[in-house]
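**Student:** Take this structure, written in structure tokens, and hold onto it; I'll ask about it next.
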Amino acid sequence: MENYTYNSGPQLPNYMKKRAEANAASAASAQQKKAAGDTTKKTQSGKKTTAASNARNASVSRNGSSTHSAAEMQKRSAGTAQSARSVSKDTSSAKKTSSSRNTSASQNAGASSSSAKKSRSTAGGKRKKNQRRKNLLKVLLAAAVCLVCVIGLIWLLNRESANNIPTDIEAIMNTKKTFRDGVKLIGVDVSGMTPEEATGLVKYAAEKKLEKVAITVTMEDASWTFGASDLGMGYDLAEMFADGLAYGRSDDSGVQDVFAAGAGEFDATYTWDREAILRALAQLAPAFNKDATQPYAEPITDWESEERFNYIAGEEGTALNDEATADLIEYALRTGAFETTIEPVVNAVLPTMTIDEIKAYTQYRSEYTTTFSAARDDEVKQNRLFNIRKAADIINGNVIQPGEQWSFNTVVGPRTFELGWKAANGISGGKEYTLQAGGGICQPSTTLFNALLCAGANMDPDADIQIVDRRAHTIPSDYVDVGLDATVDTRGIDFVFQNNTEHPLIIFAEVKNVEGRSSRYQITVYVYGEPLPEGITYKSRSKITEVTSRADETVYTKVTTIPTGYQQERIKQREGYVAEAYLDKYINGELAESKLLYTDKYKGNPAEIDIGTGPALQPGEAVPEGLVPVGTAPTPADSRA
């Protein structure tokens, strides 16, 4: 094999560099001993052939020449160096490779030694640089691990500290922990203080905040303001103290109180009493509450009109919704709006009835008519007509509400001359007629009584229309059947009834001239309200069950004011009666039921005659009016005056 010189190159490791230096020294020694020939050394290879074997000396001749010029040796040496750099990438192959070196001229050996030294110097510098980088990376990695461990330890320590913050106020007051920098409680900077040290300042701030509470409720141009005491307000500091102590000791310190201005600021927990709020609002109810106006029927008392009612629509009312308004106040307090204005919730109150319902319950129910005479030239009878009309006008259009009692004397009032009533006949002493203020008004009361009977009234307490108080005259009336009269007297005797229906009763009364009879009049009373069931009508009637004659009971009295031989009938004789009053019920015109209402007794009275004992009349002297000869039989009076 030809002489071969191995150039380690700059990238070889130390053990290869040493081997290359030894090989170079051997080559120089051999060159000095053998001037002519070169001994070739075989290259031993292991599993892999080094890149240096690929850089064989270019001096080997294809024809077996053993002699090479110095220039060719240098060229081969340069190629060997290049190959050595390539071989340095695989150190394990270089270990197993044994180089065969050829003895060359001293010039070539010197060149090889110089190249090897340069290569070793370059490789050593790069190795040191890489080692420094590795060491730096190791240091940085170790520092990072230490930093993570420190952060984790701090987090664990802080977390444990936050979990140990007491929550009940007693424990909070006893803790020695202090608030971190930046903690404000109700605006008070408590940095570095313990809860006990901060309590006074914080309580003062809470009290001052409650003093500013002003919840104003407005209505149009009126307003009412409630303070903390009106609303039953108070405060609790425990949660605020706990949150303040935890701030800066846990990982959630960025969370702030919703009432506070920023992180680290906390407010107290404020409380209020809903019942106190409702009590405060109850004081406002009269100002807000207004009853709805129900639709109603307005009676038309003008008999020129064919209509009996004007129908008036109802109006909505208002009512303070105290529960909903209390909710608004609580929301304001809950969101920290301690100084604010609230518009109360006011509900509309609708009428409970409609116009159509009112119309349905203002229907005709019954009527009753009585008649009387009033000659134009009879002043007393004309006065009676006046009194009847006056009473009828007063009761015309009267409305009796459900459950209400109606009194004739209360409505019509006292009958006196001063109040405009005129003198007409009225029963006096139970057996005669005398001129009285308001005489004749028993006819309107009697007509009303019978109109109510025809509307279904009776004396039963559970009747739709109950006759509460009714009395008979001592003398039966001539304008109604015996037993169907109802007397009244301004001094106490009254006629009273009660409306037990669910709707108003309306009374109309009309006095008019009987057509075709100038001196004959009639009074008609109408009853309106909830109509009677369809097909149902009522009629009043009476039945005389007993008549008592008083003819044999004449009372004679001697008087000196009447001439002897004459007498005067002062009280006419009247028979006595017993009469039963009935209410007949008809269904579709057929009598279905007769109800006995009561039994009346009219005692009647004997005649009372004055017998004259005075000076006799002189011949030719006129007999005074009203005197008749002694012994003239009594004249029975019309029992129905």
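**Student:** For residues that are of a type in the set (S, T, N, Q) and touching a strand residue (DSSP E or B) at 6+ places or on another chain (Cβ under 7 Å), scanning just region 367-400, find the one that is farthest from ASN513 (Cα to Cα).
**Tutor:** This residue is ASN398.
**Student:** Tell me, which residue of region 165-177 that is over 40 Å from the mean Cα position of the chain (by Cα) and in contact (Cβ under 8 Å) with a residue 40 or more places away in the chain is least open to solvent (accessible area, probe 1.4 Å)?
**Tutor:** ILE172
**Student:** Among the numbered criteria (1) out of contact with any Gly (no Cβ under 9 Å at 6 or more places or on another chain); (2) open to solvent by 10 Å² or more (accessible area, probe 1.4 Å), which one does ALA472 miss?
**Tutor:** (1)
**Student:** For region 488-497, enumerate the residues that are buried (at least 22 other Cβ atoms within 10 Å of the Cβ) and either part of a loop (DSSP other than H, G, I, E, B) or of a type in the set (Lys, Arg) (or both).
**Tutor:** At the first step, the residues of region 488-497 found to be buried (at least 22 other Cβ atoms within 10 Å of the Cβ) are 488, 495, 497.
If the condition is that a residue be buried (at least 22 other Cβ atoms within 10 Å of the Cβ) and either part of a loop (DSSP other than H, G, I, E, B) or of a type in the set (Lys, Arg) (or both), then VAL488, PHE495 are the ones that fit.
**Student:** Of the residues GLU569, GLU593, GLU621, GLU625, only one is open to solvent by 70 Å² or more (accessible area, probe 1.4 Å), assigned to a strand (DSSP E or B) and either at pLDDT 95 or above or farther than 30 Å from ASN396 by Cα (or both); which? Give the derivation first.
**Tutor:** Working: GLU569 fails: open to solvent by 70 Å² or more (accessible area, probe 1.4 Å); GLU621 fails: assigned to a strand (DSSP E or B); GLU625 fails: assigned to a strand (DSSP E or B).
When all the criteria are applied, what remains is GLU593.
**Student:** Moving on. Checking the condition of a type outside the set (Gly, Ala, Ser), surrounded by 20 or more Cβ atoms within 10 Å (Cβ to Cβ) and closer than 22 Å to ILE493 by Cβ, which residue from CYS454, CYS442 passes?
**Tutor:** Numbers: CYS454 fails: closer than 22 Å to ILE493 by Cβ.
Within the list CYS454, CYS442, the selection yields CYS442.
**Student:** Being over 20 Å from ILE427 (Cα atoms) and not charged (D, E, K, R) narrows it down to one of GLY620, GLY576, so name that one. Before you say what the answer is, go through the steps one by one.
**Tutor:** On the way: GLY576 fails: over 20 Å from ILE427 (Cα atoms).
Sole residue among the options that is over 20 Å from ILE427 (Cα atoms) and not charged (D, E, K, R): GLY620.
**Student:** What's the number of the condition ALA348 fails, among (1) farther than 16 Å from PRO504 by Cβ; (2) buried (at least 19 other Cβ atoms within 10 Å of the Cβ); (3) of a type in the set (A, V, I, L, M, F, W, C)?
**Tutor:** So the condition that ALA348 fails would be (2).
**Student:** GLY187: among the small types (Gly, Ala, Ser), out of contact with any Lys or Arg (no Cβ under 6 Å at 6 or more places or on another chain) and in contact (Cβ under 8 Å) with a residue 40 or more places away in the chain, yes or no?
**Tutor:** Working: among the small types (Gly, Ala, Ser): yes; out of contact with any Lys or Arg (no Cβ under 6 Å at 6 or more places or on another chain): yes; in contact (Cβ under 8 Å) with a residue 40 or more places away in the chain: yes.
Yes; evaluated as a whole, the condition is true for this residue.
**Student:** List pairs: first residue in region 281-296 and open to solvent by 60 Å² or more (accessible area, probe 1.4 Å), second residue among the hydroxyl-bearing types (Ser, Thr, Tyr) anywhere in the structure, Cβ distance under 7 angstrom, at least six positions apart or on different chains.
**Tutor:** Partner pairs satisfying both residue conditions: ASN289/THR318; LYS290/THR318; GLN294/THR352.
**Student:** Can you pull out the residues in region 596-618 that are of a type in the set (Gly, Ala, Ser) and not in a loop (DSSP other than H, G, I, E, B)? Give the steps one after another, and end with the answer.
**Tutor:** We begin by selecting, within region 596-618, every residue of a type in the set (Gly, Ala, Ser); these are 604, 607, 612, 614, 616.
Listed by number, the residues that qualify are GLY612, GLY614.
The values are calculated or read from the model by the stated rules, or taken from the named source; none is laboratory data. Quantities reported herein were computed from a predicted structural model and do not represent experimental measurements. We place every Cβ from the backbone using ideal geometry, glycine too, and count neighbours over all the protein chains shown. For accessibility, only protein heavy atoms count, side chains too; no ligands or nucleic acids. Shrake-Rupley method; radii C 1.70, N 1.55, O 1.52, S 1.80 Å.
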